[in-house]
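> Input: one structure, supplied below.
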Amino acid sequence: MAGRAAVPEVIWARPERTGRGPRPAYTRAGIAAAAVRVADAEGLDAVSMRRVAAELGCGTMSLYNYVPRKEDLYELMVDAVSAEHELWEPSGDWRADMLRVAHQTRALMRRHPWLPRLMSPVYGFSPNALRYLEHCLACLDPLPGSYGTRMELIAMLNGVVTTYTANELATAERARALPWSPEEESAARIAYLGGQLASGAYPRMAAAFTEDAGPIDMEAVFERALGRVLDAFAPRE
């Protein structure tokens, strides 16, 4: 907001609504829910203070009394959907539990396709995000090593899930915008690639495709990526 001092603030350290007067008409939870509805329906770029205020039926300036900056609105949104994480009693099998976490996070991002764009460590310490991290650390109690190493594992696993799912969502979005089907485009690209490989200019690529020409099983790729991250942290015999 224009004229506001350029100092760092954490919205969770601020009271929900300051000052005296009538009872506040809105809550952070309600504001976040409105912003999430807009993002789910229209995409993250549609989220603005004006648009969320309209969703709530209030004036834009009124919304600033609750949420000082658009970045704070994003943080409220990430916290709101982070509440959808299921927190279970750890099984004692850290690997199985972290695979479950990874699949749950992927499902969460599929429900809220805008979420990968906001997966920043800056938003990682909201109330629901902290509960999620504490849960992950509890799942990792059986894993030897420092908490720093366990936090690194969580970050790397989240990185794989975010990157994979963001690419998956972007591919689907691109396909929806094309005037032809994904199968038609794939056939055209395979035909072009076949001609390039037949030229002899790319012998290693030609050998790779000769070895395995067949459609890539992206679900298997995802599982292998998760497994390799977890393998890197498994205790050495």
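The values are calculated or read from the model by the stated rules, or taken from the named source; none is laboratory data. Just so it is clear, the model here is predicted, and its values are computed rather than measured. Heads up, the Cβs are rebuilt from the backbone with ideal geometry, glycines too, and the neighbour counts pull from every protein chain shown. With ligands, DNA and RNA removed, areas are computed over all heavy atoms of the protein, side chains included. Shrake-Rupley method; radii C 1.70, N 1.55, O 1.52, S 1.80 Å.
> Could you please find all residues in the stretch 7-44 being of a type in the set (S, T, N, Q) and either touching an Asp or Glu at 6+ places or on another chain (Cβ under 6 Å) or modelled with pLDDT under 85 (or both)?
18
> Scan the stretch 109-166 residue by residue and report those that are assigned to a helix (DSSP H, G or I), within 21 Å of residue 225 (Cβ to Cβ), among the hydrophobic types (A, V, I, L, M, F, W, C) and open to solvent by 10 Å² or more (accessible area, probe 1.4 Å).
Correct list: 151, 155, 156, 160, 166.
> Which pairs have Cβ atoms under 6 Å, sit 6 or more apart or on different chains, and link a residue in the stretch 80-98 that is on the phi < 0 side of the Ramachandran plot and buried (at least 18 other Cβ atoms within 10 Å of the Cβ) to one that is aliphatic (A, V, I, L, M) and modelled with pLDDT under 95?
Filtered contacts from the stretch 80-98: 82/129.
> Right, here's the next one. Do we have residue 4 as at pLDDT 95 or above and either out of contact with any strand residue (DSSP E or B) (no Cβ under 9 Å at 6 or more places or on another chain) or open to solvent by less than 70 Å² (accessible area, probe 1.4 Å) (or both) here?
Against the criterion (at pLDDT 95 or above and either out of contact with any strand residue (DSSP E or B) (no Cβ under 9 Å at 6 or more places or on another chain) or open to solvent by less than 70 Å² (accessible area, probe 1.4 Å) (or both)), residue 4 does not qualify.
> Within the stretch 155-164, does at least one residue satisfy the condition of being farther than 18 Å from residue 108 by Cα and among the small types (Gly, Ala, Ser)?
no
> Residue 76: open to solvent by less than 70 Å² (accessible area, probe 1.4 Å), among the hydrophobic types (A, V, I, L, M, F, W, C), within 24 Å of residue 13 (Cβ to Cβ) and touching a Gly at 6+ places or on another chain (Cβ under 8 Å), yes or no?
Here the answer is no, as residue 76 does not meet what is asked.
> Going by what's in this entry, would residue 62 be described as in contact with a helix residue (DSSP H, G or I) (Cβ under 6 Å, 6 or more places away or on another chain) and either within 17 Å of residue 158 (Cβ to Cβ) or surrounded by fewer than 18 Cβ atoms within 10 Å (Cβ to Cβ) (or both)?
no
> Could I ask something else about it? For the stretch 194-233: of the residues being surrounded by 14 or more Cβ atoms within 10 Å (Cβ to Cβ) and in contact (Cβ under 8 Å) with a residue 24 or more places away in the chain, which is farthest from residue 144 (Cα to Cα)?
Checked the stretch 194-233; the qualifying residue farthest from residue 144 (Cα to Cα) is 222.
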